[in-house]
Amino acid sequence: MTTKELTYDIADMKQAERGRFRMQWAAKEMPVLDLIEQRFKKEQPFKGIRMAAAMHVTAETANLMRILLAGGAEIALAASNPLSTQDDIAAALVSYYEMPVYAIKGESVDQYNSHLHSVLDIKPHITMDDGMDLVAMLHTDRSSLLEHVIGGTEETTTGVIRLRAMAAAGKLNFPVIAVNDAQTKHFFDNRYGTGQSTIDGIIRATNVLLAGKNFVVGGYGWCSKGIAMRARGMGSNVIVTEIDPLRALEAVMDGFRVLPMAQAAVEGHIFCSATGDIHVLNTSHFNVMRDGAILANSGHFDVEINMKSLTQMSTKITRVRDFLDEYLLDDGRRLYVAGEGRLVNLAAAEGHPSAVMDMSFANQALAAEYMLKNGDKLGNEVYDVPIDIDKEIARLKLDAMGVQIDTLTEEQDTYLNAWNMGTGH
Ligand SMILES: NC(=O)c1ccc[n+]([C@@H]2O[C@H](COP(=O)([O-])OP(=O)(O)OC[C@H]3O[C@@H](n4cnc5c(N)ncnc54)[C@H](O)[C@@H]3O)[C@@H](O)[C@H]2O)c1
């Protein structure tokens with residue numbers, strides 16, 4: 001669709017006002033972005049810069065877009081998952097910010113890809129990706145556009161893993177900053193954000209009582225740790241599965257039962273995997289699960305539950321609630337999958353609370369600015385967010401929360417930097 005010069009593809013422009021209200025509500029919890037916006041307005045760091053973004057189209061992302069636009073950027077936005085788009089937010093960005101947005105909740109995979117193509121048509125200087133689908137397309141079907149690109153940023157663990165593999169294979173053509181790896185990102189967004197919003201997604205999809213249920217969490221990484229912590233808080237008996245001995249040990253010491261999935265599969269009432277790995281919940285597990293078991297995924301791609309196998313094993317599949325499908329197996333058992341096996345916190349709920357996205361997206365904004373200033377000095381590698389940016393974001397967040405901390409006294413500074421002050425000084 002085109003209005004004047006503006007091209008976009010969204011579900012329903014009539015939802016724009018609702019979207020704008022939700023953007024404003026989210027902004028109340030995003031004071032760090034506001035501070036950055038004030039500086040961007042004055043300094044215009046993105047003037048003349050074209051950006052292509054593939055992100056979950058949520059109220060929080062819309063606020064990131066708002067501050068990048070305030071900084072002078074020209075941006076096109078597509079979804080980073082076919083089910084994560086909030087249609088009212090997409091409409092608000094088109095209607096009130098005249099942004100080219102290509103995202104519809106429930107779009108087909110073909111439509112999803114064609115939307116990624118559309119944002120790349122902007123011929124980006126900077127890419128902002130969540131899961132690396134945009135960067136992958138840029139290096140394959142759209143490689144003629146690579147000459148314009150200065151660099152990119154990547155939001156999530158799975159994208160960073162893919163990018164590192166690409167850089168190691170010598171295939172990455174521009175530098176990318178791993179926003180996910182900033183401490184002000186994964187300590188908070190992956191753990192507390194995914195923890196809360198995943199539980200929210202499971203509850204909205206099912207409305208089951210979590211208290212007293214055996215809740216099996218696949219993985220004990222940043223996201224899965226948050227899910228385990230919050231499920232326990234709701235009264236579930238949490239069982240963790242892992243493949244890494246250190247993480248498994250941490251789970252044991254945190255007081256969780258740790259089992260192989262083959263055993264956990266028999267015990268679980270609810271399963272949620274967030275590992276970034278494939279087929280964590282697989283055929284052999286479906287075979288032994290109890291009737292009525294609920295399955296969800298909060299990892300980036302819809303690969304953690306083997307949906308193909310589950311579909312083949314089923315004699316009938318019925319949508320029993322919004323975002324909940326019943327899979328009837330040969331032997332009469334019924335398994336329930338939330339959000340079609342896609343990240344449940346975005347498919348069935350609203351994604352992370354704004355307060356954590358405030359920090360994640362402050363990292364995005366400042367990493368993009370850093371890339372513009374320093375991209376020509378960087379190689380075609382994956383870079384960490386500079387520690388000064390990470391600390392500055394933590395400082396701004398604490399200020400905004402009204403929390404004060406100590407600073408080192410001169411004596412303490414000397415002591416911590418001395419090698420010769422041991423026992424008795
Ligand atoms: N839902 C969301 O909103 C959201 C937010 C952030 C990240 N993510 C995604 O969640 C996934 C996990 O991210 P993270 O930051 O927690 O990563 P992480 O690396 O900290 O943790 C992953 C954990 O899974 C474990 N693991 C791997 N394969 C396993 C298997 N077969 N069985 C059991 N455990 C296994 C690893 O040992 C590791 O401890 C990624 O795909 C990431 O992109 C989702």
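Could you please report the charge total around Met359, scoring K, R as +1 and D, E as -1 over all other residues with beta-carbon less than 10 angstrom from its beta-carbon?
-1
Tell me the Kirkwood radius of the range 288-425: reciprocal of the mean inverse pair distance over distinct alpha-carbon atoms, in Å. Don't jump to the answer; show the numbers that get you there.
Details: mean 1/r = 0.0491 Å⁻¹.
Kirkwood hydrodynamic radius for the range 288-425: 20.4 Å.
Scan around Asp9 for amide H atoms under 5 Å from its own, H built in the peptide plane at 1.01 Å from N, and keep only partners 5 or more places away or cross-chain.
For Asp9, the qualifying residues are Val101, Tyr102, Ala103.
Tally up the carbon and sulfur contribution to the accessible surface of the chain as a whole percent, 1.4 Å probe, everything protein left in place.
Summing carbon and sulfur atoms, their accessible area is 51 percent of the total for the chain.
Could you please state, rounded to a whole Å, how far the C-alpha centre of the range 153-226 is from the C-alpha centre of the range 363-425?
The distance from the Cα centre of the range 153-226 to that of the range 363-425 comes to 23 Å.
Over the range 13-111, what lengths in whole Å, largest first, do the semi-axes of the equivalent ellipsoid take, defined as the square roots of 5 times the eigenvalues of the alpha-carbon gyration tensor?
Values for the range 13-111, descending: 22, 16, 11 Å.
Rounded to the nearest whole Å², what accessible area per residue is found for the chain with the 1.4 Å probe? Please report the intermediate quantities before stating the final value.
On the way: 18850 Å² over 425 residues.
Spelled out: the 1.4 Å probe surface of the chain, per residue, equals 44 Å².
What fraction, in whole percent, of alpha-carbon pairs in the range 89-205 exceed 20 Å separation?
Values: 3651 of 6786 pairs.
Considering the range 89-205, 54 percent of its Cα-Cα pairs are separated by more than 20 Å.
Using the alpha carbons of the range 129-192, what is the convex hull volume per residue in cubic angstrom, as a whole number?
Cα convex hull per residue, to the nearest whole number: 74 Å³.
Grab the DSSP H runs of the chain that are 4 residues or longer, score each as -39,500 (n - 2.57), total them, divide by all residues and round the 222 nm result to the nearest 500 deg cm²/dmol.
-12500 deg cm²/dmol
Over the Cα atoms, compute the radius of gyration (one decimal) and Dmax (the largest Cα-Cα distance, rounded to a whole number) for the range 277-354, in Å.
Answer for the range 277-354, Rg first and Dmax second: 12.3, 44 Å.
Pick from Ala347, Ala53, Ala168: which residue has the top mean-square fluctuation in a GNM of the chain where Cα pairs under 10 Å get a spring?
Top of the fluctuation ranking is Ala168.
Loop only by DSSP, 12 or fewer other Cβ within 10 Å of the Cβ. Give me the trypsin sites (Lys or Arg not before Pro) in the range 25-115 that pass, ordered by residue number.
Lys28, Lys47
Give me P(r) over the range 204-297, computed from all C-alpha to C-alpha distances, binned every 5 Å, as integer percentages.
P(r) over the range 204-297, rounded to whole percents: 3, 15, 29, 28, 18, 7, 1.
What are the extents of the Cα atoms of the range 76-124 along their three principal axes, in Å, largest first?
Here the Cα extents, ordered largest to smallest, are 28, 26, 11 Å.
Label the chain by shape, choosing from rounded, prolate and oblate, from the square roots a ≥ b ≥ c of the eigenvalues of the Cα gyration tensor; if a/c is under 1.5 it is rounded, and otherwise prolate applies when a/b is larger than b/c, oblate when it is not.
Since a/c reaches 1.5 but b/c is at least a/b, the shape of the chain is classed as oblate.
In the chain, if the dipole is taken from +1 on Lys/Arg beta carbons and -1 on Asp/Glu beta carbons about the Cα centre, which of Pro31, Gly131, Val258 is farthest to the positive end?
Value: Val258.
With the contact rule set at Cα under 8 Å and sequence spacing of 6 or more, what percent relative contact order holds for the chain?
On the way: 910 pairs, mean separation 68.0, N = 425.
Reported relative contact order: 16 percent.
The values are calculated or read from the model by the stated rules, or taken from the named source; none is laboratory data. Computed from a predicted model, the values in this text were never measured in an experiment. Cβ: placed from backbone, ideal geometry, glycine included. Neighbour counts: every protein chain shown. Side chains included, ligands, DNA and RNA excluded: accessible areas come from the protein's heavy atoms. Shrake-Rupley method; radii C 1.70, N 1.55, O 1.52, S 1.80 Å.
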